[in-house]
Amino acid sequence: MKQIASFTVDHDKLEKGMYISRIDGDAVTYDIRMKKPNGGDYLSNGALHTFEHLFATYARNSQFSDNVIYVGPMGCRTGFYLILRDSVSHEQAISLVLDSFRFVAGFSGKIPGSERRECGNYLEHDLDGAKAVAEDMLNVLRDYTPNKLSY
């Protein structure tokens, strides 16, 4: 089998940040790396799960909602993939991520989609953990520009 593109990235050199993982037709996959790969510190399941609910809810309700294809966590628990249509510029993608992370960092109340009938693992959420990750990433991405999106 052919090696998939994400496995060709040197994870020993990868730092926290936002990168263009691949472009397939009109779909742009962004790699939002929240933890240093193989660094021993990973997103906890509860924080990752809550972050997913909040990030996806915000992105799918933003001005770019019709261009959001996918928001989801990496199995290695070091970040998320965001797939957008290419009608969203790289500047707008960075802005969407920052706005989403501000939403997560400031969120209070009931986590969207966290009822038993809405979620396959409704008991495993960690809002404080998700907020801490968002705050950290806001610092990482504060001055991000499209020229930083390359691995």
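The numbers here are math on the coordinates, done by the rules we state, and not lab data. As the structure is a prediction and not an experimental result, all values here were calculated from the model. Using ideal geometry, Cβ is built from the backbone for each residue, glycine included, and neighbour counts are taken over all protein chains shown.
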Partner lysines whose C-alpha sits under 16 Å from that of LYS148, ignoring same-chain residues fewer than 8 away, are LYS13, LYS16
For GLN92, net neighbour charge (Lys/Arg +1, Asp/Glu -1) across residues whose Cβ lies under 14 Å away: -3
Longest site-free stretch - the chain; sites: GluC sites (Glu not before Pro), DSSP loop, at most 16 other Cβ within 10 Å: 16-114
Helix-derived mean residue ellipticity, 222 nm - over the chain, DSSP H n ≥ 4, -39500 (n - 2.57), to 500: -10500 deg cm²/dmol
Short version: ³J(HN,Hα) in whole Hz for each residue of region 47-64, in order, from phi by Karplus 6.51 cos²θ - 1.76 cosθ + 1.60 (θ = phi - 60°), x for Gly and Pro, what are they? 5, 4, 5, 5, 4, 4, 4, 6, 4, 5, 4, 5, 4, 7, 10, 7, 5, 9
Among MET137, MET74, MET18, whose mean-square fluctuation peaks in a Gaussian network model of the chain (Cα, cutoff 10 Å)? MET74
Residues with beta-carbon under 14 Å from that of TYR122, excluding TYR122: net charge, scoring Lys, Arg +1 and Asp, Glu -1? -2
Can you pull out the trypsin sites (Lys or Arg not before Pro) in region 1-71 whose DSSP state is coil and whose Cβ has at most 10 other Cβ atoms within 10 Å? LYS2, LYS13
Compute a Gaussian network model of the chain, connecting alpha carbons closer than 10 Å, and tell me which residue from GLY113, GLY75, GLY46 fluctuates the most. GLY75
Between the DSSP loop rule and a limit of at most 13 other Cβ atoms within 10 Å, which trypsin sites (Lys or Arg not before Pro) in region 67-151 are left? LYS110, ARG116, ARG117, ARG142
What percentage of all Cα-Cα pairs in region 25-151 are separated by more than 24 Å? 24 percent
Return the single residue from VAL28, VAL104, VAL88 with maximal mean-square fluctuation; model: Gaussian network over the chain, springs between Cα atoms under 10 Å. VAL88
